[in-house]
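Presented below is the structure to which this report refers.
The values are calculated or read from the model by the stated rules, or taken from the named source; none is laboratory data. These numbers were taken from a predicted model, which means no experiment stands behind them. All Cβ positions, glycine included, derive from the backbone under ideal geometry; neighbour counts span all protein chains shown. We work out accessible area using only protein heavy atoms, side chains counted, and drop any ligands, DNA or RNA first. Shrake-Rupley method; radii C 1.70, N 1.55, O 1.52, S 1.80 Å.
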Amino acid sequence: MRLYLLALNPTDSVTEGFLPAAKRLGADVTLLTDRPGAHRARYPEHEILECDVRDFRAVITRISAHDPADAVFTNSDHLQTQAALAAEYFGLPGKSWQATLRTKDKAELRRHLAVSGTGAVRSAELLPGQDPAELAGLPLPYPCVVKPREGVASEDVVLASDAGELVQLCKEIQVRRPGTALVVEEYLLGELYTLETLGDGRIRHVLGGFHTRVSPPPYFIEERLTFVPEHPGAVVAQVLDQLDALGVGFGACHTEFVVHEGRARIIEVNYRAIGDQCDLLLAELLGIPLFEHILRTHLGEPLPADPGVRTGGRARLDYPCATRAGQLVSAPGAADLEVDGVRLTYRPLRETGERHDLYRTNRDYLGVLRATGTDQSAVDRVAEAHLAAQRWEIVP
């Protein structure tokens with residue numbers, strides 16, 4: 001069976017998750033990408049074809065002129081609608097392209113949730129080329145958050161304290177990202193969490209989630225995620241109602257939301273598996289073939305009624321971040337350790353010798369530490385001790 005996988009840059013999710021899972025399923029993978037060199041360097045054993053994967057017409061043409069498809073899949077935020085349209089064109093299982101568009105377009109997400117009555121958030125849209133000064137006359141609440149309409153990874157997501165600052169921030173983003181539409185929305189109070197779901201269009205499994213620690217405003221860098229085996233039922237019900245309103249229910253979905261005084265409000269919906277190695281941790285912690293389950297849904301196979309999730313696991317992920325621009329001259333290497341019953345997996349995300357600007361996004365990550373065990377206090381203690389013993393040196 002032939003699986004077409006759409007990708008931009010190589011990711012750990014594809015390299016360590018989906019490609020090995022496809023092999024275990026016996027699927028032949030053809031990877032379509034606009035960056036073939038980077039992928040061939042990472043896994044030369046796979047068939048890799050160059051394609052303008054951001055254009056659904058190019059994707060359909062490339063597949064049609066090649067071997068017949070049994071599935072079209074992507075785990076990229078940017079390519080969900082293209083994959084959904086291609087799957088629909090070839091009569092294959094896939095996500096609703098309307099749902100992928102609603103979740104990717106943050107302005108459309110806000111409009112749709114407001115119309116559905118499940119999650120109104122005061123917001124406004126600034127189109128490419130539109131003068132940010134027009135926002136100053138709108139009845140926006142302050143502080144408010146400005147973000148690219150179709151952005152990812154907290155890039156150019158920043159808090160504005162008043163109208164003057166909002167206008168200035170929008171102008172700065174327009175210079176950095178010409179042609180980008182922006183969304184301005186009220187700052188939602190509450191603790192930040194995620195909900196991880198997996199469905200086949202018939203049933204949906206909730207796989208728990210994470211409690212996210214972010215950097216202090218005005219930026220929103222995810223610094224730590226602590227596994228939450230089970231959110232309160234009322235909170236889960238509110239989030240699922242909003243996902244239903246968006247039409248989300250096929251394959252993996254990673255939803256970020258805040259809870260304040262018992263009310264759950266969605267920050268954004270990433271209609272894919274959670275990234276930054278959290279998906280690798282989930283598969284290990286829950287003891288399920290997570291990546292195989294996701295691919296099977298796109299191959300038309302139903303999910304099991306009981307996925308056999310292992311309970312009792314506790315975990316967290318830490319992302320040491322650069323705090324200055326410059327060259328990374330020393331850093332810890334990859335490590336796999338077990339300390340006091342806690343399993344530690346550290347992977348560097350930057351090579352020593354690399355020079356980077358300060359982005360104030362997850363592009364500032366220097367590495368990721370995954371810690372798993374059965375007791376949260378032990379997991380926390382061991383992870384913090386390990387991080388305290390490491391040194392990352394950056395010189396201007």
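Scanning the stretch 72-120 for residues that are over 24 Å from ALA22 (Cβ atoms), part of a loop (DSSP other than H, G, I, E, B) and at pLDDT 95 or above yields a single hit, ASP105.
Scanning the stretch 198-213 for residues that are open to solvent by 50 Å² or more (accessible area, probe 1.4 Å) and either small (Gly, Ala, Ser) or touching a Phe, Trp or Tyr at 6+ places or on another chain (Cβ under 8 Å) (or both) turns up GLY201, HIS211. Residues in the stretch 241-277 that are in a loop (DSSP other than H, G, I, E, B) and buried (at least 22 other Cβ atoms within 10 Å of the Cβ): VAL248, TYR271, ARG272, ALA273, ILE274, GLN277. Evaluating ILE294 against the criteria (1) of a type in the set (A, V, I, L, M, F, W, C); (2) open to solvent by less than 50 Å² (accessible area, probe 1.4 Å); (3) more than 24 Å from HIS205 (Cα to Cα) leaves one unmet condition, (3). Only residues that are in a helix (DSSP H, G or I), among the small types (Gly, Ala, Ser) and farther than 16 Å from THR81 by Cβ were counted in the stretch 22-65, giving 5.
Specify the residue that is surrounded by the fewest Cβ atoms within 10 Å (Cβ to Cβ); the eligible residues are those in the stretch 310-333 that are among the hydrophobic types (A, V, I, L, M, F, W, C) and under 25 Å from ASP375 (Cβ atoms). Full working, then the answer.
From the stretch 310-333, those among the hydrophobic types (A, V, I, L, M, F, W, C) are 315, 317, 321-322, 325, 328-329, 331; that's our starting set.
Now restrict to residues that are under 25 Å from ASP375 (Cβ atoms): 315, 317.
Details: ALA315: 27, LEU317: 24.
Restricting to residues being among the hydrophobic types (A, V, I, L, M, F, W, C) and under 25 Å from ASP375 (Cβ atoms), the top hit is LEU317.
Sort out which residues of the stretch 4-30 are within 16 Å of LEU282 (Cβ to Cβ) and either of a type in the set (A, V, I, L, M, F, W, C) or surrounded by 15 or more Cβ atoms within 10 Å (Cβ to Cβ) (or both), and write them in order of number. Even if it seems obvious, please write down each step before you answer.
First, pick out the residues of the stretch 4-30 that are within 16 Å of LEU282 (Cβ to Cβ): 11-14, 16-18, 20-21.
If the condition is that a residue be within 16 Å of LEU282 (Cβ to Cβ) and either of a type in the set (A, V, I, L, M, F, W, C) or surrounded by 15 or more Cβ atoms within 10 Å (Cβ to Cβ) (or both), then THR11, ASP12, SER13, VAL14, GLU16, GLY17, PHE18, ALA21 are the ones that fit.
Evaluate the stretch 143-150: report whether one residue or more is under 25 Å from GLY308 (Cα atoms), among the acidic types (Asp, Glu) and touching a residue at least 12 places away in the same chain (Cβ under 8 Å). Checking the stretch 143-150: not a single residue is under 25 Å from GLY308 (Cα atoms), among the acidic types (Asp, Glu) and touching a residue at least 12 places away in the same chain (Cβ under 8 Å). Contact map, the stretch 116-138: first residue under 18 Å from ARG177 (Cβ atoms), second residue basic (Lys, Arg), Cβ cut-off under 7 Å, separation 6 or more or different chains; pairs are GLU125/ARG149; PRO132/LYS171.
Answer yes or no as to whether LEU366 is at negative phi and touching a Ser or Thr at 6+ places or on another chain (Cβ under 8 Å). Show your work before the answer.
Working: at negative phi: yes; touching a Ser or Thr at 6+ places or on another chain (Cβ under 8 Å): no.
No: the conditions fail for LEU366.
In summary, ASP156 fulfils each of the numbered conditions (1) modelled with pLDDT of 95 or more; (2) open to solvent by 30 Å² or more (accessible area, probe 1.4 Å) with the single exception of condition (1).
From (1) β-branched (Val, Ile, Thr); (2) closer than 16 Å to ALA7 by Cα; (3) in contact with a strand residue (DSSP E or B) (Cβ under 7 Å, 6 or more places away or on another chain), pick out the condition that doesn't hold for THR103. Failed condition: (2). When the stretch 102-135 is filtered for residues that are within 10 Å of LEU246 (Cβ to Cβ) and open to solvent by 40 Å² or more (accessible area, probe 1.4 Å), the ones remaining, listed by number, are ARG102, GLU108, HIS112, SER116, THR118.
Scanning the stretch 334-359 for residues that are over 19 Å from LEU282 (Cα atoms) and basic (Lys, Arg), we see that the one that is surrounded by the most Cβ atoms within 10 Å (Cβ to Cβ) is ARG350. List pairs: first in the stretch 210-230 and at positive phi, second surrounded by 15 or more Cβ atoms within 10 Å (Cβ to Cβ) and of a type outside the set (Gly, Ala, Ser), Cβ under 9 Å, 6+ apart or cross-chain? Partner pairs satisfying both residue conditions: none exist.
Cβ separations smaller than 6 Å between residues 6+ apart or across chains give the following pairs from the stretch 40-66 residues that are closer than 20 Å to PHE18 by Cα to residues that are open to solvent by 90 Å² or more (accessible area, probe 1.4 Å): ILE48/ARG40. Of the strands (runs of 3 or more DSSP E) entirely within the stretch 281-396, those holding at least 1 residues that are under 19 Å from the mean Cα position of the chain (by Cα) and in contact (Cβ under 8 Å) with a residue 60 or more places away in the chain occupy 314-318, 342-348, 367-373.
Looking only at residues of the stretch 136-153 that are touching a Phe, Trp or Tyr at 6+ places or on another chain (Cβ under 9 Å) and open to solvent by 50 Å² or more (accessible area, probe 1.4 Å), we find that the one that is farthest from PRO217 (Cα to Cα) is TYR142.
Remark: pairs (first residue in the stretch 153-181, closer than 17 Å to THR361 by Cα and touching a residue at least 40 places away in the same chain (Cβ under 8 Å); second residue polar (S, T, N, Q) and in a helix (DSSP H, G or I); Cβ separation under 8 Å; 6+ apart in sequence or on different chains) = ALA153/ASN362; SER154/ASN362.
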